[in-house]
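Report on one structure; see the data block that follows.
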Amino acid sequence: MSRKMWLVRAGEGAYLFDEFINKQVVAIGWNEVGDLKGATSTGVIKNSLKKHYPEYKDGKVNITAGQLYRFACEFKIHDEVITYNPDERLYYLGNIDSEYTYSNSLISDMSHVRKVTWKGKVLRDSLSVSARNTLGSILTLIAIPEEVRDELHKYLGLEVQVSPTEVKHETEEGELEVIKEDVILKSHEFIKDKIVSLDWEQMQELVAGILRGMGYKTRISAKGPDRGRDILASPDGLGLEEPRIIAEVKHRAGQMGSNEVRSFTGGLRPGDRGIYVSIGGFTKEAKYEAERSNVPLSLIDLDLLVELIIQNYDNFDSETRSLVPLRKIYWPI
């Protein structure tokens, strides 16, 4: 069986990097969970994390428990390990020399420890874009794919800066574009997850907030028999100035059909503009019904709703942003 390679970060901002190198160790925190010798699954670790870190949500508990279990139980003697020094932009490679140890005195702040023999360095700038992307994970500990491990071996000991003329710009740009598209797709899915998790009243507020971000003033009507409420949007907020937009929001899993769309358009007056929002999407018949409507009508499914949020987010008020909190990410061009 071939040896595995692991990345272990030296704390936030690599503040323990010098200790890692000088003391010939790698280590991780979450000391309050205690000694993990004898751990046979992540279940006990999760229970301890919930007890000692009650602020952790389930997702973070699961990820952290997985990292602790890997460090204590899946790391093997002679496996390879790397850690990163962001100041030098160098990855340090070594071999694991010891079984898992729990010690409060071996290294600052981190009690879960493995002894390491460091054997070389690899300059980050010499690696491909895809390898740098993999190694850029924010997790404390990750397993390194075989292809990235092989690339690190290729450049082991190479500490000279790669000349810009040697870089294959077209290849790097292509890889960056693929990575960017992947990040965008994932972020869209996460935003959709957040929207779906809203309750029906929050959903109404979100759609009204999007319209305000687009420059309209809004009013939400009283609840109807189906617990639904219409949103009125117009330049003056009273519906006296055109365009007068009526929006209906359906926050349910199933697709809306032609009957629902027909019922909605039947309640619109001449001069109105209609927006029908359905998290579950629309049937083909519903889309056809919207196309032949005498009143201008826009059907908004979950994907289009995400696009509208992203396009108008900078103009959202604080109440709307709190419903779907987002952070802007800058990407190199």
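Considering only ASN259, VAL295, LEU232, the residue lying farthest towards the positive end of the dipole of the stretch 200-323 is ASN259, judged by Cα position with unit charges set on Cβ.
Take the cross-link list LYS186/LYS217; LYS46/LYS76; LYS37/LYS180 and give me the ones stretching past 29 Å between alpha-carbons.
As for pairs spanning more than 29 Å Cα to Cα, those are LYS186/LYS217; LYS37/LYS180.
Using alpha carbons only, the radius of gyration of the stretch 5-165 set against its Kirkwood radius gives Rg/Rh = 0.98. From the alpha carbon centroid of the stretch 110-130 to that of the stretch 3-20 is 7 Å.
Here is the tail figure for the chain: Cα pairs spaced more than 39 Å apart come to 39 percent of all pairs. Available extension along the chain between ASP193 and LYS284 is 30.3 nm, counting 0.36 nm per residue and deducting the alpha carbon span. Note on the stretch 257-333: with charges restricted to the Cβ of Lys and Arg (+1) and Asp and Glu (-1), its dipole about the Cα centre is near 60 debye. In this structure, SER137 and ASN259 have a Cβ-Cβ separation that, at R0 = 51 Å, corresponds to a calculated FRET efficiency of about 0.55. Straight-line reach from LYS284: taking Cα to Cα under 21 Å and skipping same-chain neighbours fewer than 8 places apart, the lysines in range are LYS250. Calculate I(q)/I(0) for the stretch 200-323 by the Debye formula, one identical point scatterer on each C-alpha and no solvent, and give its log10 at q = 0.17, 0.21 Å⁻¹ to two decimals. Each listed q corresponds, in turn, to -0.86, -1.32. Only helices enter this figure: runs of n ≥ 4 DSSP H residues, each worth -39500 (n - 2.57), summed and divided by the residues of the chain, yield -11000 deg cm²/dmol at 222 nm to the nearest 500. Only the Cβ atoms of Lys and Arg (+1) and of Asp and Glu (-1) were treated as charged; on that basis the dipole of the stretch 1-82 about its Cα centre amounts to roughly 300 debye.
For the chain, the dipole from Cβ point charges (+1 on Lys and Arg, -1 on Asp and Glu) about the Cα centre works out to 860 debye, to the nearest 20.
Calculate, in nm to one decimal, what SER103 and LYS57 gain on full extension: separation in residues at 0.36 nm each, minus their alpha carbon distance.
Contour length minus Cα-Cα distance gives 13.8 nm.
Given a Förster distance of 45 Å, report the FRET efficiency between ARG321 and VAL44 from their Cβ-Cβ distance, rounded to the nearest 0.05.
0.70
Where a number appears in this text, it was derived from the coordinates with a stated rule and is not lab data. Given the structure is predicted, the values throughout are model-derived calculations rather than measurements. Note that we place each Cβ from the backbone using ideal geometry, even for glycine, and neighbour counts take in every protein chain shown.
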